[in-house]
Each structure stands twice: as C-alpha cells, then as structure tokens.
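So the structure is just underneath, and the comments pick up after that.
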Amino acid sequence: KNEVEQSPQNLTAQEGEFITINCSYSVGISALHWLQQHPGGGIVSLFMLSSGKKKHGRLIATINIQEKHSSLHITASHPRDSAVYICAVRSENRDDKIIFGKGTRLHILP
Amino acid sequence: DAGITQSPRHKVTETGTPVTLRCHQTENHRYMYWYRQDPGHGLRLIHYSYGVKDTDKGEVSDGYSVSRSKTEDFLLTLESATSSQTSVYFCAITPTGTAPGFNEQFFGPGTRLTVL
C-alpha cells in the first residue's frame, strides 16, 4: 500500500464547479505539501501545511492531522486550473524524506 | 522562481552510453535533490545533497551517481544508460534558512530523457 494516496486519480469537471482533491497518508508527518504540475511539465509549489487551513486566491488547503488527511479545494474552477495536483508529505519516520502521491489529473471543461 | 535551471531539457541517447544531467541554481541553496517521474508513480528520489561534496542515496539510486563540487551545481550521471532510465528528471531545492520539518521544495523545469 502506498504511504500517500490521492483521490480521485482523474477528475473532469465543468468550468465554475467546486473541486475537491483528497490526500490520505499512513505515516507520521511534519508537514504536507501541495504541488501543481502544468501540462507543460513544470511543477509549482502551492501550499505547505502542518495544521489547519490555508487559502490563496481560489485555492484552499486543509489538513486534519488526527485523521491523516488533507484536501485541496478549488472554487469557481477555470480551464487554466487543468493540471496534475500532487500531494507530498515530509515523513517523521523515514529520515525526514519527502514521499509523493501519484497525483490527481484535473481537467476543467469550458 | 528559485533560480533553478536544468540542462539539457531534452535528450535522446542509446543504451550503454553515459549521460550527465546538470542542475544549476543561482541562490546559494544548500539542499538539492534529483527525482525521476514516471507514469503510475509519484516523484521518486534518486539522490540528494546537503552541501558541497555531501550527497546521499534516495530510494531509486541504482544506476545513478551524483556529484556536487560547487554549491550551485548538482550533476546526475547515468554511467551506462538503460531503457528503464527513460524518464523525466526533476531537480529541486529546499531554500536555505527555512525551519527544519517545514522545508518547502522548489523544482526545476525538468529534463526529458529517452534511452533507445
């Protein structure tokens, strides 16, 4: 079983819809990182979380440490949000290494 | 933008040939990483460096070596490339001075390597 699981693997939605991407992990962590990978391949950091919630524009990230779960929400989605969203955790149990999820591919239709 | 460049951006080579990928950063960051990204897998750590001449293996280090003789350059070498090393390779840095345990990573643009 992967230590970081993302769901769904693929998501297609209409422009304007509220999007939720989930990340569950099985290891103790010191922080969780949400990344965005554009169709051209570049990877951009979105949020770094250790507790609670963070908001940037239309993006909101939450984390529940007790439940070992994080969500990334996109409000008023737009075709330019189409990308792969990657969850990564910094493990307390593996020499502080970063463990990546396989990503969620999001496609927003105009 | 953390000032990270990778070269080359694309490379096609033949099995058995040596290949060196370069990661260059301009902001004197101490920590640098090499990852590979393949379909069906998350990013996987190949090697990382905590400073000049201070490197260590990641989870998929077999067939790869690294060198860091200067702070700004982290080189990844495939001594004898194999088809299984066809992948997209990303370099990343952790900004110096961030608190331990909260280190955010910033990625280079990637190198697409094809081994025929």
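Observations on the model:
- Meets criteria (under 22 Å from A:A76 (Cα atoms) and acidic (D, E)) for A:E5: no
- Segment A:101-110 - residue that is under 15 Å from the mean Cα position of the chain (by Cα) and away from chain B (no Cβ under 14 Å) and, of those, farthest from A:A31 (Cα to Cα): A:H107
- Boolean, B:T86 is among the β-branched types (V, I, T) and at pLDDT 95 or above: yes
- Residue within segment A:85-100 that is under 28 Å from B:W34 (Cα atoms), surrounded by 17 or more Cβ atoms within 10 Å (Cβ to Cβ), away from chain B (no Cβ under 14 Å) and in contact (Cβ under 8 Å) with a residue 40 or more places away in the chain present: no
- Residue selection: A:I86 fails the criterion of being farther than 20 Å from B:A92 by Cβ, hydrophobic (A, V, I, L, M, F, W, C) and within 14 Å of the chain's Cα centre (by Cα).
- Selection within segment B:19-33 - surrounded by fewer than 20 Cβ atoms within 10 Å (Cβ to Cβ) and among the hydroxyl-bearing types (S, T, Y): B:T20, B:T26, B:Y31
- Candidate set: segment A:1-41, residues that are outside any strand (DSSP E or B), within 10 Å of chain B (Cβ to nearest Cβ) and free of Cβ contacts under 8 Å to residues at least 60 places away in the same chain; chosen: the one surrounded by the most Cβ atoms within 10 Å (Cβ to Cβ): A:G41
- Residue within segment B:83-98 that is surrounded by fewer than 16 Cβ atoms within 10 Å (Cβ to Cβ), β-branched (V, I, T), within 14 Å of chain A (Cβ to nearest Cβ) and not in a strand (DSSP E or B) present: yes
- Qualifying position, being touching a residue at least 24 places away in the same chain (Cβ under 8 Å) and either within 14 Å of chain A (Cβ to nearest Cβ) or within 19 Å of A:H33 (Cβ to Cβ) (or both), among B:Y35, B:Y64: B:Y35
The values are calculated or read from the model by the stated rules, or taken from the named source; none is laboratory data. None of the values given here were measured: they were computed from a predicted structure. Glycine gets a Cβ as well: all are built from the backbone with ideal geometry, and neighbour counts include every protein chain shown.
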